[in-house]
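S.K.: What follows is a structure written as structure tokens; I'll ask about it next.
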Amino acid sequence: MKNKILSISLAVLMAASISACGNTANNTEVAAKTNAPSDSHRLSIVVTNFPEYDFAHQIVQDNADVTMLLKPGAESHTYDPTPEDIITIQNSDMFVYVGGDSDEWVDDVLSSMDQTHMNIFRLMDAVETVPEELVEGMEEEAEEEEAAEDGEEEVELDEHVWTSPVNAMTIVRKMSETLEDLDPDNKDVYEKNASNYISELSDLDKEFQDIVSNAKRKEIIVGDRFPFRYFCDEYGLSYYAAFPGCSTDTQASAKTVAFLIDKVKNDEIPVVFHIELSNEEMCSSIAEATGAKSELLNAVHNVSDEDFKNGVTYVSLMQHNVEVLKEALN
């Protein structure tokens with residue numbers, strides 16, 4: 001797959017270079033349609049997933065263009081770039097990606113590009129990372145199990161750094177600093193927007209702190225993949241789940257489901273969580289077997305097409321988490 005992406009990248013970039021030499025009229029036409037003068041340069045930011053999109057958009061608002069490669073409603077862990085996506089990345093002023101399993105295609109694509117005029121922002125470089133954790137009852141991925149048997153086990157860092165609002169504040173601040181350097185004409189605007197947004201994230205953090213500090217219990221059960229390691233670490237929550245955060249599995253074994261059912265019953269857990277864009281089957285089965293309520297806990301990987309069009313944000317999605325977490329911990 002990596003060789004395939006690299007070959008496609010090289011072919012696409014050669015075609016893009018040839019095309020760019022002969023399409024000045026088309027570029028002017030596009031600029032006119034967007035009400036931007038053809039001789040002006042508007043900052044182009046390309047991101048891989050929704051949290052990055054929202055962070056960048058909150059900072060620049062209408063002063064730059066933000067493009068999300070992952071289509072709304074799509075699964076982030078199985079995304080592959082199209083030739084058009086690769087051209088979009090090459091033509092961007094700033095490319096933002098996570099840096100974990102879901103973005104493992106990025107290194108090959110970037111290595112095929114001239115990065116002289118590109119600025120790369122990697123979320124996992126912006127904050128302190130921790131290894132992905134395999135807790136009791138959680139199913140290990142087949143490829144990791146095989147690697148362990150062969151003595152080739154590697155520490156895999158958890159990529160879901162944005163799920164902690166505290167991490168989100170750090171990411172937004174560092175992203176804003178990068179954008180201010182790239183676009184000094186809008187420096188004051190970006191700085192002000194980032195400050196206002198960080199204030200919103202700080203309020204969100206305080207809400208979660210308040211809920212956990214006054215909670216009856218400090219344990220959550222997720223009948224799904226678990227991308228909440230940074231969130232749980234931040235607020236001192238223990239957890240049990242079916243799969244690690246980047247697992248490609250969706251069907252848990254009977255042993256795993258039975259373990260989670262027993263946990264919900266024994267620990268008297270009132271709410272079982274699933275993540276966004278999930279089929280919810282496992283969560284529903286556990287809820288049915290235990291009498292617990294099935295609820296969405298947003299990891300904010302991506303949003304539905306309808307939500308995207310309606311302008312949902314990281315903060316609005318996390319506000320939903322505030323309400324369901326309050327119910328789950330009391």
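The values are calculated or read from the model by the stated rules, or taken from the named source; none is laboratory data. Quantities reported herein were computed from a predicted structural model and do not represent experimental measurements. No Cβ is skipped: glycine too gets one built from the backbone with ideal geometry, and neighbour counts run over all protein chains shown.
S.K.: Between residues in the stretch 249-270 that are among the basic types (Lys, Arg) and residues that are not in a helix (DSSP H, G or I), which pairs lie under 8 Å by C-beta distance while being six or more apart or on different chains?
M.R.: If the second residue must be not in a helix (DSSP H, G or I), the pairs left are LYS263/GLY137; LYS263/ILE221; LYS263/TYR240; LYS263/ILE269.
S.K.: Of the residues that sit in the stretch 283-302 and are in a helix (DSSP H, G or I) and not polar (S, T, N, Q), which one is farthest from the chain's Cα centre (by Cα)? Give the derivation first.
M.R.: The first filter runs over the stretch 283-302 and keeps only residues in a helix (DSSP H, G or I), leaving 283-290.
Going one step further and asking which of them are not polar (S, T, N, Q), we end up with 283, 286-289.
Details: CYS283: 22, ILE286: 26, ALA287: 27, GLU288: 30, ALA289: 31 Å.
Filtering first and then ranking leaves ALA289.
S.K.: Let me ask you something else. Pairs needed: first member in the stretch 117-128, without any contact (Cβ under 8 Å) to a residue 40 or more places away in the chain; second member anywhere, of a type in the set (Ser, Thr, Tyr) and crowded, with 18+ Cβ neighbours inside 10 Å; C-beta distance under 8 Å; at least 6 residues apart or different chains.
M.R.: MET118/SER92; ILE120/TYR97; ARG122/TYR97
S.K.: Now for a separate question. Considering the stretch 299-330 alone, what residues qualify as being buried (at least 22 other Cβ atoms within 10 Å of the Cβ) and either touching an Asp or Glu at 6+ places or on another chain (Cβ under 8 Å) or of a type in the set (Ser, Thr, Tyr) (or both)?
M.R.: As a first pass, look at the stretch 299-330 and keep what is buried (at least 22 other Cβ atoms within 10 Å of the Cβ): 299-303, 314, 318, 321, 325, 328.
Selection gives ALA299, VAL300, HIS301, ASN302, VAL303, TYR314, ALA328.
S.K.: So, in the stretch 66-93, of the ones that are crowded, with 17+ Cβ neighbours inside 10 Å and without any contact (Cβ under 8 Å) to a residue 40 or more places away in the chain, which residue ends up nearest to VAL172 (Cα to Cα)?
M.R.: VAL66
S.K.: Moving on. State the number of residues belonging to the stretch 310-321 that are in contact (Cβ under 8 Å) with a residue 60 or more places away in the chain and either under 23 Å from ASP62 (Cβ atoms) or not polar (S, T, N, Q) (or both).
M.R.: Of the residues in that region, 4 qualify.
S.K.: If you don't mind, there's one more thing I want to ask. Residue check: is ASP150 acidic (Asp, Glu), modelled with pLDDT of 95 or more, surrounded by fewer than 20 Cβ atoms within 10 Å (Cβ to Cβ) and more than 24 Å from the chain's Cα centre (by Cα)?
M.R.: Working: acidic (Asp, Glu): yes; modelled with pLDDT of 95 or more: no; surrounded by fewer than 20 Cβ atoms within 10 Å (Cβ to Cβ): yes; more than 24 Å from the chain's Cα centre (by Cα): yes.
Taking the combined requirement at face value, the residue does not satisfy it.
S.K.: Just one of the numbered conditions (1) modelled with pLDDT under 90; (2) out of contact with any Pro (no Cβ under 8 Å at 6 or more places or on another chain) is not true of GLU141; which one?
M.R.: Result: GLU141 passes all but (2).
S.K.: A further question follows. Need pairs with beta-carbon distance below 7 Å; first residue farther than 13 Å from PHE95 by Cα and within the stretch 172-184, second acidic (Asp, Glu) and not in a helix (DSSP H, G or I); sequence gap 6+ or separate chains.
M.R.: Nothing qualifies.
S.K.: Also, I was wondering about something else. Considering only residues that are in a helix (DSSP H, G or I) and acidic (Asp, Glu), look in the stretch 75-87 and name the one that is nearest to the chain's Cα centre (by Cα). Give the derivation first.
M.R.: Going residue by residue through the stretch 75-87, those that are in a helix (DSSP H, G or I) are 76-78, 83-87.
Remaining after also requiring acidic (Asp, Glu): 84-85.
Values: GLU84: 21, ASP85: 18 Å.
Looking at the filtered set, the residue picked out is ASP85.
S.K.: Looking only at residues that are over 20 Å from MET68 (Cβ atoms) and not polar (S, T, N, Q) in the stretch 108-124, which one is surrounded by the most Cβ atoms within 10 Å (Cβ to Cβ)? Quick ask: steps written out before the conclusion?
M.R.: Of the residues in the stretch 108-124, the ones over 20 Å from MET68 (Cβ atoms) are 108, 111-112, 114-117.
Checking which are not polar (S, T, N, Q) leaves us with 108, 114, 117.
Details: ASP108: 18, ASP114: 9, HIS117: 9.
Of everything passing the filter in the stretch 108-124, ASP108 is surrounded by the most Cβ atoms within 10 Å (Cβ to Cβ).
S.K.: I'm checking my understanding of the structure. Among residues of the stretch 88-133 that are polar (S, T, N, Q), outside any loop (DSSP other than H, G, I, E, B) and touching a helix residue (DSSP H, G or I) at 6+ places or on another chain (Cβ under 8 Å), which one is modelled with the lowest pLDDT?
M.R.: As a first pass, look at the stretch 88-133 and keep what is polar (S, T, N, Q): 88, 90-92, 102, 111-112, 115-116, 119, 129.
Within this subset, residues satisfying the condition of being outside any loop (DSSP other than H, G, I, E, B) are 88, 90, 102, 111, 119.
Those left that are additionally touching a helix residue (DSSP H, G or I) at 6+ places or on another chain (Cβ under 8 Å): 90, 102, 111, 119.
Values: GLN90: 93, SER102: 86, SER111: 91, ASN119: 96.
For the stretch 88-133, the residue satisfying everything is SER102.
S.K.: State whether one or more residues within the stretch 303-317 are part of a helix (DSSP H, G or I), closer than 30 Å to ASP103 by Cβ and β-branched (Val, Ile, Thr).
M.R.: So in the stretch 303-317, the residues part of a helix (DSSP H, G or I) come out as 305-309, 314-317.
Subset that is closer than 30 Å to ASP103 by Cβ: 305-309, 314-317.
When the remaining residues are screened for being β-branched (Val, Ile, Thr), the result is 315.
Scanning the stretch 303-317 turns up at least one residue that is part of a helix (DSSP H, G or I), closer than 30 Å to ASP103 by Cβ and β-branched (Val, Ile, Thr).
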